[in-house]
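Peer 1: Questions regarding the structure given below will be posed in turn.
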C-alpha cells in the first residue's frame with residue numbers, strides 16, 4: 001500500500017465518519033460480544049443512565065475513535081500498520097450521535113535504516129467543529 005514517500009509534515013486524512021446512536025449502540029454490543037461479556041446498560045447505549053451520570057446524552061465509546069484512526073492508518077500503510085504498528089492515545093472529549101468524527105495524522109519523523117523506514121506520527125480524531133476528542137502518537141516501520 002504505502003507507495004508514496006513520506007517526510008515530516010506530511011498530512012494523512014481526513015477520514016470522515018458520521019455517527020448515529022444506532023452505530024454507537026451497535027459498537028458497544030459488538031465490543032461486549034468480542035469480550036464475551038454481557039451487554040449492560042451504560043453511558044453509551046442508555047440515554048437515562050447517561051443523564052443520571054451527569055451527561056446530556058449518550059457518548060460514543062472512545063474506542064470508536066481509535067477504530068477510525070486504525071482505519072485511516074490501515075488505508076494508508078496496509079500491512080506496514082497491521083504488522084507492527086503501535087499507537088498510544090488519550091481521550092480528551094466526547095463524541096455523540098449526530099457528530100462527525102474526523103480522523104487525521106501528521107508525519108512527525110522519518111528515519112531510514114537497514115531494516116526499513118521508521119515513521120512517527122501525531123494522530124488525532126476531532127469532531128465536526130474541529131475540536132480534538134482523541135489525541136496520540138503512532139509509529140510503524142515500512
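Peer 1: Just a yes or no: is a residue in region 40-62 at pLDDT 90 or above and farther than 21 Å from residue 17 by Cβ?
Peer 2: No - not one qualifying residue is present in region 40-62.
Peer 1: Got a number for residues in region 71-87 being farther than 19 Å from residue 20 by Cβ and either outside any helix (DSSP H, G or I) or under 10 Å from the mean Cα position of the chain (by Cα) (or both)? First the steps, then the outcome.
Peer 2: Kept after step one, since they are farther than 19 Å from residue 20 by Cβ, are these residues of region 71-87: 72-87.
Remaining after also requiring either outside any helix (DSSP H, G or I) or under 10 Å from the mean Cα position of the chain (by Cα) (or both): 72-73, 78, 83-87.
So the answer is 8.
Peer 1: If you go through region 88-132, how many residues are in a strand (DSSP E or B) and touching a residue at least 12 places away in the same chain (Cβ under 8 Å)?
Peer 2: 27
Peer 1: Another question, then. When you go through (1) at pLDDT 80 or above; (2) outside any loop (DSSP other than H, G, I, E, B); (3) not assigned by TED's automatic domain parsing to the domain that holds residue 88 one by one for residue 68, which number turns out not to apply?
Peer 2: (3)
Peer 1: Please work out which residue is modelled with the lowest pLDDT, limiting yourself to region 89-122 and to residues that are out of contact with any strand residue (DSSP E or B) (no Cβ under 7 Å at 6 or more places or on another chain) and buried (at least 16 other Cβ atoms within 10 Å of the Cβ).
Peer 2: Going through the qualifying residues, I end up with 97.
The values are calculated or read from the model by the stated rules, or taken from the named source; none is laboratory data. These numbers come from a predicted model, not from an experiment. So basically every Cβ, Gly included, is an ideal-geometry build from the backbone, and we count neighbours across all protein chains shown.
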